[in-house]
Amino acid sequence: MFRLIKYKLILLLILIAISCGSENKKNELNLKSADWETITDSTAGKTVNFMMWQGSPVINDYINNYVIPTVKERYGITLQISGGQGPEIVQLVMGEKQADIKDSQVDMVWINGETFFQLRKLDGLWGPFVEKLPNSKFIDFEDPFISTDFQQPINYMECPWSISQFAMVTDTVQVPNPPRNLRDLEVFLKENKESFTISNDFTGMTLLKAFMAELGGGPSSLDGPFDQEKYDTLSTQLWEYINRNKKYFWKKGETFPKEQTKMKQLFANGEIKIAYGYGEGGIEENVRTGLFPKSVKGYAWDNGTIKNANYLGILQNAPQKAAAMQVINFLISPEAQLKKADPAGMNSNMVLELDRLPEEWLEVHAKNGKRKYGPSMQELEDHAIAEPAPEYMIKLYEDFRTAVIEK
């Protein structure tokens with residue numbers, strides 16, 4: 001009798017598990033076929049976990065003091081933030097797959113480039129979902145800088161959130177004629193010893209891609225699928241250039257900063273005279289807060305610098321996909337994008353097309369005003385380079401360590 005009861009209990013548990021699995025698959029299919037009202041009908045009361053980079057005070061302020069309370073008040077969604085970027089996100093997905101975890105601890109992620117590439121290889125992203133978002137109608141998906149992420153079509157598997165161009169930065173009082181190509185940079189290094197370095201992070205590797213494109217002969221020299229032979233040729237030239245000059249780098253090239261916060265400090269206290277970064281150099285906030293003097297300007301590299309978008313994705317095993325879609329739709333709304341674009345706030349370029357916005361939002365855009373100190377993306381766009389294939393970035397990280405740092 002006991003064995004019979006035990007058998008029936010086990011059978012019941014199996015049937016429940018099968019039923020839940022079938023229900024989950026059914027729900028996912030329903031999400032992809034349902035209308036927006038149906039998708040968002042039951043998102044109130046849900047908790048969405050968002051993994052994102054938390055290295056910027058203005059971004060953290062935007063998320064914590066604007067986005068989180070707004071989605072709570074408007075949609076009844078609790079948005080929880082956890083720190084992490086590319087490598088941490090990929091490690092999370094890999095670990096959960098290996099452990100066969102059905103419901104991830106994270107729902108949505110802030111990604112682009114090599115992280116998008118790696119997550120797609122792992123089948124770690126859920127979608128396509130972006131066309132389902134009502135506010136996606138304000139985005140121009142014909143724009144190659146939006147529809148293509150590191151030479152990869154996004155195919156609506158990730159949602160554009162911001163767009164910016166990489167820029168060089170200098171204090172025009174100290175350096176009135178900054179170097180704009182590799183030849184002039186070499187002269188500058190010899191005349192201004194220990195006043196330049198390359199950060200061993202995403203930003204530094206982006207600079208190296210611009211250098212490699214110049215060595216390749218033009219802005220489009222890295223376009224197309226990854227080419228191992230091209231990479232080997234150009235990276236050999238790049239490492240030779242850096243190694244013959246690194247004795248003129250900050251700390252004589254014996255150490256390299258690992259974080260942009262360190263680079264910012266070095267530039268602010270005058271230890272280095274040339275800096276660089278996304279967000280058209282990230283100048284506005286640093287001048288407004290008094291970290292950089294008003295004489296700091298951003299400028300274009302002659303051969304060009306990378307222009308790209310960053311994106312929001314939903315994990316394949318996210319437990320709250322519908323609520324995550326609701327949050328992402330809010331983040332690309334005219335309201336949230338214009339708030340984010342305010343030069344006095346996060347100062348991040350919109351991914352929305354102005355000519356697609358209703359009149360009332362154009363008035364808000366006009367009130368936002370323009371940057372006082374940093375260049376606009378429009379000022380740099382003639383020198384924009386598309387992101388090369390993700391393998392270039394992945395290999396640059398490893399080879400910079402072995403060919404330069406450890407040499």
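The values are calculated or read from the model by the stated rules, or taken from the named source; none is laboratory data. Quick caveat, the model's predicted, so the values are computed rather than measured. Glycine also receives a Cβ, built like all others from the backbone with ideal geometry; neighbour counts cover every protein chain displayed. Note: accessible area is taken over every heavy atom of the protein model, side chains too, but ligands, DNA and RNA are not part of it. Shrake-Rupley method; radii C 1.70, N 1.55, O 1.52, S 1.80 Å.
Some values worked out for this structure:
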| quantity | calculated |
| --- | --- |
| Cα-based Rg and Dmax for the stretch 57-106, where Dmax is the largest Cα-Cα distance (Å) | 14.1, 37 |
| Distance histogram for the chain (every C-alpha pair counted, 20 angstrom bins, percent rounded to whole numbers) | 25, 53, 19, 3, 0 |
| Rg over Rh [alpha-carbon atoms, Kirkwood Rh] for the stretch 66-181 | 1.07 |
| Spin-label model distance (nm) - Asp184 vs Gln237, 7 Å beyond Cα toward Cβ | 1.9 |
| Cα-derived Rg to Rh of the stretch 193-251, Kirkwood definition | 1.00 |
| Once the Cα gyration tensor of the stretch 101-166 is diagonalised, semi-axes √(5λ) in Å | 21, 15, 11 |
| Label point at Val173 placed 7 Å out along Cα→Cβ; residues across the stretch 279-302 whose backbone nitrogen lies under 19 Å | 283-299 |
| Sequence ranges 291-297, 46-52, 222-228, ranked by mean other-Cβ count within 10 angstrom, highest first | 46-52, 291-297, 222-228 |
| Residue-averaged [θ]222 nm for the chain, counting only DSSP H segments that reach four residues, each worth -39500 (n - 2.57) | -13000 deg cm²/dmol |
| Under 16 Å from the Cα of Lys372 - aspartates and glutamates, other chains or at least 8 residues apart | Asp171, Glu280, Glu284, Glu285, Asp342 |
| Ranked packing of 341-351, 236-246, most packed first, by mean Cβ within 10 Å | 341-351, 236-246 |
| In nm, spacing of pseudo-spin labels at Lys32 and Glu254 (7 Å Cα→C-beta vector) | 5.8 |
| Where Cα atoms sit under 19 Å apart: lysine pairs in the stretch 43-123 separated by 8 or more or lying on different chains | 4 |
| For peptides 301-308, 35-42, sequence by mean Cβ density within 10 Å, most packed first | 301-308, 35-42 |
| Added length on full extension, which subtracts the Cα-Cα distance from 0.36 nm per residue, Phe226 to Asn155 | 23.6 nm |
| Accessible carbon and sulfur surface of the chain relative to its total accessible area, %, 1.4 Å | 51 |
| Charge dipole of the stretch 215-258 about the Cα centre (unit charges at C-beta), most positive-ward option of Tyr248, Leu215, Gln228 | Tyr248 |
| Fully extended contour minus Cα-Cα distance, from Lys370 to Arg244, at 0.36 nm per residue | 41.2 nm |
